[in-house]
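Just below is one structure, and these are the notes that go with it.
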Amino acid sequence: MTDTASANPVLRVAPAAPTEAAAWFRASLAFHADVSDVAAALAADGDPGFVLVDSRSALSFDQGHLPGAVHLPTALVPERAERLLDKDVPVVTYCWGPGCNGATRAALALAERGYRVKEMLGGFEYWAREGFAYETGRGPARRDPDPLTAPVDGDCGC
């Protein structure tokens, strides 16, 4: 009989105990928000309770950014954060997408300066792919939702 755990690359390292897994995933949610949750919070009436920070370059910001986002490139966080952000308001950072760590670096720089911060998973790429409206240097824009990221009925079941 073959030992499944040793033959299976997924189970070669055993899954964490349920209590450890719950702590890990709870902690992950304290650091991350997803595109759909950010969109829902922004679409609700009133103040969403956070400010969005786009950590990309000016050229990238002009190509497209989330409505109402504050433009604060990662490298400029040390000199501009206090002028642009209130430490009493949580911050949600984003950059291009999953292949970019600019939002992570911006979140770190902000946290080191005393801000409460989360990173929006998927970044601008997944915002656009899910069909949410965004702003460009030429005005508002929107793409058709990508069926691989945004279900036709709008409910991913997450």
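The values are calculated or read from the model by the stated rules, or taken from the named source; none is laboratory data. Note that the structure is predicted; figures quoted are calculated from it, not measured. A quick note on method: Cβ atoms are made from the backbone with ideal geometry, for glycine too, and the neighbour counts reach across all protein chains shown. The accessibility values were calculated without ligands, DNA or RNA, using every heavy atom of the protein model including side chains. Shrake-Rupley method; radii C 1.70, N 1.55, O 1.52, S 1.80 Å.
With respect to VAL53, is the statement that it is open to solvent by less than 70 Å² (accessible area, probe 1.4 Å), outside any helix (DSSP H, G or I) and of a type in the set (Val, Ile, Thr) true? Yes: the conditions hold for VAL53. Residues satisfying the criterion are absent from segment 73-86 (criterion: free of Cβ contacts under 8 Å to residues at least 60 places away in the same chain, under 15 Å from the mean Cα position of the chain (by Cα) and under 21 Å from ALA133 (Cβ atoms)). Hey, does segment 19-31 have a residue that's part of a loop (DSSP other than H, G, I, E, B), β-branched (Val, Ile, Thr) and loosely packed, with under 10 Cβ neighbours inside 10 Å? No, segment 19-31 contains no residue that is part of a loop (DSSP other than H, G, I, E, B), β-branched (Val, Ile, Thr) and loosely packed, with under 10 Cβ neighbours inside 10 Å. Checking the stated criteria, GLY68 turns out to be part of a loop (DSSP other than H, G, I, E, B), free of Cβ contacts under 8 Å to residues at least 60 places away in the same chain, in contact with a helix residue (DSSP H, G or I) (Cβ under 9 Å, 6 or more places away or on another chain) and not aliphatic (A, V, I, L, M). Residues in segment 57-70 that are surrounded by 18 or more Cβ atoms within 10 Å (Cβ to Cβ) and in contact with a His (Cβ under 8 Å, 6 or more places away or on another chain): 2 in all. Condition first: within 22 Å of ALA106 (Cα to Cα) and either surrounded by fewer than 19 Cβ atoms within 10 Å (Cβ to Cβ) or in contact with a Ser or Thr (Cβ under 6 Å, 6 or more places away or on another chain) (or both). Now tell me which residues in segment 127-150 satisfy that. Correct list: TYR134, GLU135, THR136. Of the residues making up segment 96-129, just one is under 17 Å from GLN63 (Cα atoms) and acidic (Asp, Glu), namely GLU125.
Just checking, which of ASP86, ASP47 is within 21 Å of GLU112 (Cα to Cα) and among the acidic types (Asp, Glu)? Show your work before the answer.
Numbers: ASP47 fails: within 21 Å of GLU112 (Cα to Cα).
The conditions single out ASP86.
Among the residues of segment 76-121, write down those that are under 22 Å from VAL35 (Cα atoms), small (Gly, Ala, Ser) and open to solvent by less than 80 Å² (accessible area, probe 1.4 Å).
Across segment 76-121, the qualifying residues are GLY97, GLY102, ALA103, ALA106, ALA107, ALA109, ALA111.
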